[in-house]
Amino acid sequence: MARMVALLTDFGLHDPYVGQMKGMIQTHAPGTVIVDVCHHVEPFNIVQAGFFLAASQAYFPEETIFAAVVDPGVGGDRRIVLVEKFRQFFLAPDNGLLTLLMHKGGLTRARDVTPPWRREASATFHGRDLFAPLAAKLACCAEIDGLGEEINPHSLTLLPGAQPGLVGDTLTAMVLNVDHFGNCVLNLESQEWGNTLAKAQGLAIIAPASAPVRPAFTYELLEPGEVGLIKGSQGYLELALKQASAAQELSLSLGMSVTLRLDRQG
Amino acid sequence: MARMVALLTDFGLHDPYVGQMKGMIQTHAPGTVIVDVCHHVEPFNIVQAGFFLAASQAYFPEETIFAAVVDPGVGGDRRIVLVEKFRQFFLAPDNGLLTLLMHKGGLTRARDVTPPWRREASATFHGRDLFAPLAAKLACCAEIDGLGEEINPHSLTLLPGAQPGLVGDTLTAMVLNVDHFGNCVLNLESQEWGNTLAKAQGLAIIAPASAPVRPAFTYELLEPGEVGLIKGSQGYLELALKQASAAQELSLSLGMSVTLRLDRQG
Amino acid sequence: MARMVALLTDFGLHDPYVGQMKGMIQTHAPGTVIVDVCHHVEPFNIVQAGFFLAASQAYFPEETIFAAVVDPGVGGDRRIVLVEKFRQFFLAPDNGLLTLLMHKGGLTRARDVTPPWRREASATFHGRDLFAPLAAKLACCAEIDGLGEEINPHSLTLLPGAQPGLVGDTLTAMVLNVDHFGNCVLNLESQEWGNTLAKAQGLAIIAPASAPVRPAFTYELLEPGEVGLIKGSQGYLELALKQASAAQELSLSLGMSVTLRLDRQG
């Protein structure tokens, strides 16, 4: 059976770039089902792209081929990698975009699939000329083993700070996304961190701003003015204020580091 | 044969929400054809969503499954309903979104398909976790009778004022949409109201503003400054001004009530 | 085998218009693969639409049916034409949109496929009611010969100035697109003009502004402040400035004519 392709880019929809990628995929793998994850990643924002991908992959079928093209280093010598995880395939530049995915538990295999001609043509549009044909090849059920060569998954580029750090009572997290309500998604997976933080006797942001935080796992339980840590629909905990912007109140923006103090004894 | 799915939401395209819905549909019903009706309904605007749906359904194949997710009451106890009409299927929250569709003539059957777990998880994203799997189940040709239980179509929530009212010479209508030219679509189906109004000796708006109206069924026939009632391409009559915004001139906005005086004798 | 359909319009995505077109295509040709080239052409901008089409077609499969609906004259008496070129099909209003495509070398056949009822209904939405059913008919492998009647391709409407003119040392070109960096795509195909201009001893814009131009075919080679003629990813040469807007510096906008002086002897 043919595999489906899911696209994630920062190309937007005002130009024919996404259309050209899809044309290339249909040229090389006619009839392939293509789904847009999102094309409005902030330009060059690898953190947000990695979050969108990590938050979305579980809702796609096994064998889905994700092509994630957010690539500030296009034309440079970064590799193009193919990661196999959760019985799915992830094509991306090796620039840190896959960091959150790599931090999730589970067996991972990786291949370097950079084509030899990558730096030849200045006029090359990698999404269309490189990622799309690769995705199409995989969609037609190519034997993965024939593509590029296997590499050590530990050799992949990881974003510094994207793994939350708990040292003593200090928890360092990162803002993965700010939604249009000003809610700030942190790199704390709900499943992994939800219980620990719910049991804490006290919780507070100590940097960059300072504020007590209530681990209320539903938005409805918050009092006006109170900062809550909410279990959102995207699988990660979110800093939120009722009827106000947490990003603004706490001076947070996408990619920033946040330090929390966790009082486990009370 | 598999059925196709048509999506209508207020999610926009800047987040991966629509992508996640589509991923879920492909997971549960691989290969399903999915078409976007529109994802830019104004946030929470049930009137506009209902108009987009009522204006679009006739252009989709029989057996199409529409999933319409504009849902200010998400997490509350409103039902999820499945309506069968015009040999098509309509999944929506029971919040009035289907009002215009219900007001169209034709046999209607309805089912309550609310899953029992709807209020369990605070982190639930209903479009993805509830509507998408339901749509997928229907797409795979589920026997409709096995889904939820049949309810009286008259028990569905209807928006007040969405049915035009003609009492004596006073016609009360509602603004279903304002396009970017400022044209105001009214809840007057062209087929039903076109002839009546064309034959009127006089027509005027009397509230909220006051202005004579010309039932000119083509835009080209209007004089500059003249308010016309135009037969638009969406199946409903529209208030329009040549080279000006009817919404601005007549102080109208989406969802508002409009009163017209209809002089049938002259 | 069924053919795929590629859509190019200026409808945007805030209304259900594109959705209605797709619904109609699925109604008349169930299961057709539909790809969006772009729906954000500037309203009524035939030059930009023609550029998006000419720059994109090569990336789509043979037999693709392009439906390009940017149509300021909708409702007037312009023809609807079907052009066969590069083993692909192009449906468009005969308003100049296909000019760049026609200027590309290659065998071209054309048919007038205007339906007789085009001016009947004032409420007709041509994209949905005329282009979509035509595209669907072609997608189901209609014999092309049965559609409308063959016409002389030279009878198609062409945009004046869309063919670059080299007279002596004066080259007259046209701005086909301005991207969000302010880069100005000219109607100079890279393959045709790249070598000629690279060999020039000197190159300068002389109207509307005045500036020396460096035929640097990669963006990286430009000095700050220097105007370059760049080989872009869309198949045409582009005027660009490093870290600045060429459109602003050179007072250029979409559709404008640009005059360059080409010094072939040095």
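What follows draws every value from the coordinates through simple rules; no lab data is involved. Quantities reported herein were computed from a predicted structural model and do not represent experimental measurements. FYI the Cβ positions are ideal-geometry reconstructions off the backbone, even for glycines, and counts take in every protein chain you see.
Only lysines eight or more places from A:K199 in sequence, or on another chain, were considered; those with a Cα closer than 30 Å are A:K104, A:K231, A:K242.
Using only DSSP helix segments of four residues or longer, with each worth -39500 (n - 2.57), what per-residue ellipticity at 222 nm results for the protein assembly as shown after dividing by its residue count and rounding to 500?
Numbers: 18 runs with 147 residues, N = 798.
The helix contribution divided over the protein assembly as shown gives -5000 deg cm²/dmol.
Exposed loop sites here are GluC sites (Glu not before Pro) assigned a DSSP state other than H, G, I, E or B and surrounded by at most 14 other beta carbons within 10 Å; excluding them, the longest clear run of chain A is A:144-266. Look at the stretch A:24-30: the mean tally of other chain Cβ atoms within 10 Å of its residues' Cβ atoms is 4.
Using a 10 Å cut-off around each Cβ of peptide C:232-240, what is the average number of partner chain Cβ atoms that fall inside? Average neighbour count from other chains, rounded to a whole number: 3.
For the protein assembly as shown, the normalised intensity computed at q = 0.06, 0.10, 0.11 Å⁻¹ comes to -0.43, -1.20, -1.39 (log10 of I(q)/I(0), Debye sum over alpha carbons, equal scatterers, no solvent).
Between B:H14 and A:Q248, what is the FRET efficiency for a Förster distance of 22 Å, r being their Cβ-Cβ separation, to the nearest 0.05?
Working: r = 19 Å, r/R0 = 0.85.
FRET efficiency, B:H14 to A:Q248: 0.75.
Would you please give the FRET efficiency between A:A2 and B:E220, computed as 1/(1 + (r/R0)^6) with r the Cβ-Cβ distance and R0 = 35 Å, to the nearest 0.05? Computed FRET efficiency for A:A2 and B:E220 comes out at 0.10. Residue and whole-Å distance for the chain C Cβ lying nearest the axis of the C-onto-A rotation are C:L13, 4.
Once you list every other residue whose beta carbon is under 11 Å from the beta carbon of B:D71, what net charge do they have if Lys and Arg are +1 and Asp and Glu are -1?
Numbers: positive: B:R78; negative: B:D10, B:D94.
Computed value for this residue: -1.
Mind jotting down a quarter of the surface of the convex hull over the alpha carbons of chain B, in square nanometres, one decimal? Show your work: numbers first, answer last.
Values: hull surface 60.3 nm².
Mean projected area of the Cα convex hull: 15.1 nm².
Per residue of peptide A:9-20, the mean number of Cβ atoms on other chains within 10 Å of the residue Cβ is 6. Overall, the ratio between the Cα radius of gyration of region C:104-217 and 2.2 N^0.38 Å, rounded to two decimals, is 1.57. With R₀ fixed at 22 Å, the C-beta to C-beta distance from C:T157 to C:L107 puts the FRET efficiency at about 0.65.
Less than 12 Å Cβ to Cβ from C:L156, Lys/Arg counted +1 and Asp/Glu -1: what total charge do the surrounding residues give? List each step's numbers first, then the result.
Working: positive: C:R78, C:R79, C:K85, C:R109, C:R111; negative: C:D94, C:D112.
Once positives and negatives cancel, what remains is +3.
Where the only charges are on Cβ atoms (+1 Lys, Arg; -1 Asp, Glu), what is the dipole of the protein assembly as shown about its Cα centre, to the nearest 20 debye? If you can, show how the numbers build up before the last one.
Values: 57 positive and 81 negative charges, 89 e Å.
About 420 debye.
For a paramagnetic label modelled on C:T172 (point 7 Å from Cα along Cα→Cβ), amide N atoms under 18 Å away belong, within region C:194-209, to C:204-209. A crude spin-label estimate for the pair C:S257 and A:E150, with each label 7 Å from Cα along the Cβ direction, gives 6.5 nm. Using a cut-off of 14 Å between beta-carbons, work out the net charge of the residues near B:L101 (Lys and Arg +1, Asp and Glu -1, B:L101 not included). It works out to a net charge of +1. Along the axis of the charge dipole computed for the protein assembly as shown (Cβ charges of +1 for Lys and Arg, -1 for Asp and Glu, origin at the Cα centre), the listed residues B:M102, B:A135, B:A162 are led at the positive end by B:A135.
Of all lysines in the structure, those lying under 24 Å Cα to Cα from B:K137, and not within fewer than 8 positions of it along the same chain, are B:K22, B:K85, C:K22.
If I fit a long axis through the Cα atoms of helix C:46-56 and take the longest principal axis of the Cα atoms of chain C, what angle between them do I get, 0 to 90°, rounded to 10? Rounded to the nearest ten degrees, it is 90. For helix C:17-28, report the angle its Cα long axis makes with the longest principal axis of the Cα atoms of chain C; keep it between 0 and 90° and round to the nearest 10°. On a 0 to 90 degree scale, this one is about 50. Taking A:G96, A:G76, A:G255 in turn, the Gaussian network model of chain A (Cα-Cα springs below 10 Å) assigns the largest fluctuation to A:G76.
The share of Cα pairs per 10 Å bin across region C:173-266, counted from zero up to the longest distance, runs 18, 58, 23, 1 percent. Dividing the radius of gyration of the alpha carbons in region C:56-148 by their Kirkwood radius gives 0.95 for Rg/Rh. Out of every Cα-Cα pair that region B:9-102 contains, those further apart than 22 angstrom amount to 26 percent.
Overall, the ratio between the Cα radius of gyration of region B:45-88 and 2.2 N^0.38 Å, rounded to two decimals, is 1.27.
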